[in-house]
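The structure appears below as structure tokens.
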Amino acid sequence: MKHSGNRGVSLVEVLVVIAILAVLSVITFQTFYRMNSNKAIETDTLRVLLELQKARSLTLSSKNSSQYGVHFATTSVTIFKGTTFDAASSTNLTMTLSKAVNIATTSLAGGGADVIFKRLTGETSHYGTTTLSLTASSSVTKTIMIYETGVAEIQ
């Protein structure tokens, strides 16, 4: 018996395999990127909620005989001491969001970007919402609702 066929692999076959691997790689990368982004917004939303709870707790305990508040910026959240936010204060505790997440909107009663808690009650006159979104896609959002009682929750 004679074999007259080629025993090698043609260039076309190699290119087809490379194209299939490239498509599979792109699909895998997009899936991991989406999962990572979704995890980032979930984590940062929880971290912002915890910062609000911490500031309220500090106020209720009257730490240093003061009240505390939270200042929302685009890429960070800052716990501050007193009734007004001072960016230069050495007592500020700033939590920076991940690079994939930003604070898209903050809508509080009375306007502004600060939630200030009242001593003894933990209530706030600056209730409303703050919305976090993915930097790459503003359609993926998480909202934190801040009630007049000072309690906050993720919507």
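None of the figures in this text is laboratory data; all of them are computed from the coordinates on show. Nothing here was measured: the structure is a model prediction, and the numbers come from that model. For neighbour counting, all protein chains shown are included, and Cβ atoms are generated from backbone atoms with ideal geometry for every residue, glycine included.
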Can you tell me which residue in segment 81-106 is nearest to ASN64 (Cα to Cα), limited to those that are more than 20 Å from the chain's Cα centre (by Cα) and among the polar types (S, T, N, Q)? THR91
Of the criteria (1) assigned to a helix (DSSP H, G or I); (2) within 22 Å of GLY112 (Cβ to Cβ); (3) in contact with a helix residue (DSSP H, G or I) (Cβ under 9 Å, 6 or more places away or on another chain), which one ILE79 fails: (1)
Only one of THR96, THR74, THR78 that is under 18 Å from THR130 (Cβ atoms) and exposed (fewer than 12 other Cβ atoms within 10 Å of the Cβ): THR74
Given the criteria more than 15 Å from LEU46 (Cβ to Cβ), over 14 Å from the mean Cα position of the chain (by Cα) and not basic (Lys, Arg), does ALA109 qualify? yes
Is it the case that some residue within segment 101-115 is surrounded by 20 or more Cβ atoms within 10 Å (Cβ to Cβ) and either more than 30 Å from SER37 (Cα to Cα) or of a type in the set (Gly, Ala, Ser) (or both)? no
Where GLY111 falls short, out of the listed (1) in contact (Cβ under 8 Å) with a residue 12 or more places away in the chain; (2) within 20 Å of MET145 (Cα to Cα): (1)
Mind checking which strands (runs of 3 or more DSSP E) fall wholly inside segment 87-151 and carry at least 1 residues that are of a type in the set (D, E, K, R) and closer than 14 Å to VAL48 by Cα? 114-116, 141-146
Just checking, does segment 18-31 include any residue being under 19 Å from SER107 (Cα atoms), surrounded by 10 or more Cβ atoms within 10 Å (Cβ to Cβ) and within 22 Å of the chain's Cα centre (by Cα)? no
